[in-house]
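Have a look at the structure below before the remarks.
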Amino acid sequence: MTKYTESETAIYKLAKHFYNGFYKFYLSPQEVESLTWSAQEKLLNLTLNNNLLKMYPVSSNFCRLFLKNILKCLEGRQDVHESIYDYLCSIMSNKQGIDDFYYRHYVIGSNFSQIVTLKESNNMVVNGTTGMKTWEAARLLTDWILTNKKFFYNKKILELGSGIGFTGITVTKFCDTTSVTLTDCHEDVLNAINENIIINFPVTSQRLEKEYTENDVDGKLMRVMMLDWNDIDQIEVPDIPDIIIGADIVYDPCILEPLCKVLQSFFLKNKSISAFIACIIRNEDTFNKFIQTLADYNMKEEKLYMPENINLEWDPSVNQCIVKINLKDTYSVFL
């Protein structure tokens, strides 16, 4: 295990906060003492001066809040690097207001060379869809998958309600799958997924087929396609999946039956499929109705839990679980 100096530990801590979008942080007196002028320069080079972040900038409002907190911690205790003041002045002189879209950079583990970059929206709802930002459950599900990579080896994956593509792109990047198919029912979301695929795989070979967009990524296939849960008779996927995944897709009681019908339609094509649905349980009645609806459609479930985050930052204090789903009376090789 690599042993870091106190200065390096403080730098990496702040850099992780920056990449993860956390501007509220505390620095101990020892950490402040370690953040000398040269250490601050290393932090800037890892964050604001980084070529990736220059190409795909984070929210200017977030940068302002982050830098102001840095100054609050350092002023009067350290010589502050002039570039911190320069960046802050530049941001505050920009009167464009809050960005509608910006870029988020998700560090996988503690390796700053393993990053997933996404174009996201500041708004919860854009053009009638909530799919233009990465939600907590997607980070939970992705962390769980990265912790259980062996179950996804050489498998065909299909994601329901992919949003802007965080989980599907991360799985393609860091798991040895055969193919990953990302689906959604909103055209704007599908366009955002394709844009984010190109950001993360710049040498992607992209083909537009009749029903989907196909990307050849490092010898693996990524597909992006429309999938309307209310029109299951029209569902045609290029590959019947081995595994179905989804995150934060059981929040509305109205969509539980269409979701279960979609799952059932895939189970009828491949009885050995396993599905993993990450849930943030905001309403116990809605979640319990989902569990009951699964049973009504001849599916069995098992609740899986992650007590802490391992590869990605998410909030372990939220009421969450991953629901593993199989067809009743079938044997699953997973877990």
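The values are calculated or read from the model by the stated rules, or taken from the named source; none is laboratory data. Worth saying up front: this structure is predicted, and the values here are computed from it rather than measured. No Cβ is skipped: glycine too gets one built from the backbone with ideal geometry, and neighbour counts run over all protein chains shown. Heavy atoms of the whole protein, side chains included, go into the accessibility calculation; ligands, DNA and RNA do not. Shrake-Rupley method; radii C 1.70, N 1.55, O 1.52, S 1.80 Å.
This table checks each residue for (1) more than 29 Å from Thr170 (Cβ to Cβ); (2) in contact with a helix residue (DSSP H, G or I) (Cβ under 9 Å, 6 or more places away or on another chain).
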{"residue": "Phe66", "(1), (2)": "no, yes"}
{"residue": "Ile70", "(1), (2)": "no, yes"}
{"residue": "Glu75", "(1), (2)": "yes, no"}
{"residue": "Gln78", "(1), (2)": "yes, yes"}
{"residue": "His81", "(1), (2)": "yes, yes"}
{"residue": "Ile84", "(1), (2)": "yes, yes"}
{"residue": "Tyr102", "(1), (2)": "no, yes"}
{"residue": "Val107", "(1), (2)": "no, yes"}
{"residue": "Lys119", "(1), (2)": "no, yes"}
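Close contacts from the range 274-297, counting a first residue that is touching a residue at least 12 places away in the same chain (Cβ under 8 Å) and a second that is surrounded by fewer than 22 Cβ atoms within 10 Å (Cβ to Cβ) and among the hydroxyl-bearing types (Ser, Thr, Tyr), with Cβ to Cβ under 7 Å and a gap of 6+ residues or different chains, come to Ser274/Ser332; Arg282/Tyr251; Thr286/Tyr251. Scanning the range 263-274 for residues that are of a type in the set (A, V, I, L, M) and surrounded by fewer than 21 Cβ atoms within 10 Å (Cβ to Cβ) turns up just one, Leu268. For first residues located in the range 180-192 and in contact (Cβ under 8 Å) with a residue 60 or more places away in the chain and within 12 Å of Gly161 (Cα to Cα), partners that are buried (at least 16 other Cβ atoms within 10 Å of the Cβ) and polar (S, T, N, Q) and lie 6+ apart or on another chain with Cβ distances below 6 Å form the pairs Val189/Thr129. Would you mention how many residues in the range 19-40 are open to solvent by less than 60 Å² (accessible area, probe 1.4 Å), closer than 30 Å to Thr134 by Cα and in contact with a Leu (Cβ under 8 Å, 6 or more places away or on another chain)? So the count comes out to 3. Checked against the criterion of being surrounded by fewer than 24 Cβ atoms within 10 Å (Cβ to Cβ), under 15 Å from the mean Cα position of the chain (by Cα) and at negative phi, the candidates Leu190, Leu160 yield just one match: Leu160. Sub-6 Å Cβ pairs linking a first residue in the range 209-221 that is in the same structural domain as Glu187 (by the TED database) and under 17 Å from Thr183 (Cα atoms) to a second residue that is open to solvent by 50 Å² or more (accessible area, probe 1.4 Å) and of a type in the set (Lys, Arg), at least 6 apart or interchain, are Glu214/Arg207, ordered by first then second residue. Leu335 meets all of the listed conditions (1) more than 25 Å from Cys185 (Cα to Cα); (2) open to solvent by less than 50 Å² (accessible area, probe 1.4 Å); (3) at pLDDT below 95 but one, namely (2).
Under 21 Å from Ala138 (Cβ atoms) and acidic (Asp, Glu) - does that describe any residue in the range 296-305?
yes
What are the residues in the range 195-228 that are under 19 Å from Ala247 (Cα atoms) and either under 19 Å from the mean Cα position of the chain (by Cα) or open to solvent by 10 Å² or more (accessible area, probe 1.4 Å) (or both), if any? Reasoning before the result, please.
So in the range 195-228, the residues under 19 Å from Ala247 (Cα atoms) come out as 196-197, 222-228.
If the condition is that a residue be under 19 Å from Ala247 (Cα atoms) and either under 19 Å from the mean Cα position of the chain (by Cα) or open to solvent by 10 Å² or more (accessible area, probe 1.4 Å) (or both), then Asn196, Ile197, Met222, Arg223, Val224, Met225, Met226, Asp228 are the ones that fit.
Exactly one residue out of Ile281, Ile235, Ile310, Ile277 is in contact with a Ser or Thr (Cβ under 7 Å, 6 or more places away or on another chain), assigned by the TED database to the domain that holds Leu182, β-branched (Val, Ile, Thr) and within 25 Å of Leu146 (Cα to Cα): that is Ile310.
Of all residues in the range 21-41, those that are of a type in the set (S, T, N, Q) have Cβ atoms under 6 Å from Cβ atoms of residues that are not in a helix (DSSP H, G or I), 6 or more apart or on another chain, in Gln40/His81. Tell me whether the range 91-104 contains one or more residues that are crowded, with 17+ Cβ neighbours inside 10 Å, among the hydroxyl-bearing types (Ser, Thr, Tyr) and at pLDDT below 95. There is at least one residue in the range 91-104 that is crowded, with 17+ Cβ neighbours inside 10 Å, among the hydroxyl-bearing types (Ser, Thr, Tyr) and at pLDDT below 95. Conditions: (1) under 20 Å from Lys149 (Cα atoms); (2) in contact with a strand residue (DSSP E or B) (Cβ under 6 Å, 6 or more places away or on another chain). Asp218 meets all but one. Number of the miss? Single failed check for Asp218: (2).
Name the residue, out of Glu301, Glu308, Glu284, that is farther than 19 Å from Phe152 by Cβ, loosely packed, with under 12 Cβ neighbours inside 10 Å and at pLDDT 95 or above.
Details: Glu301 fails: loosely packed, with under 12 Cβ neighbours inside 10 Å; Glu308 fails: at pLDDT 95 or above.
After applying the criteria, what remains is Glu284.
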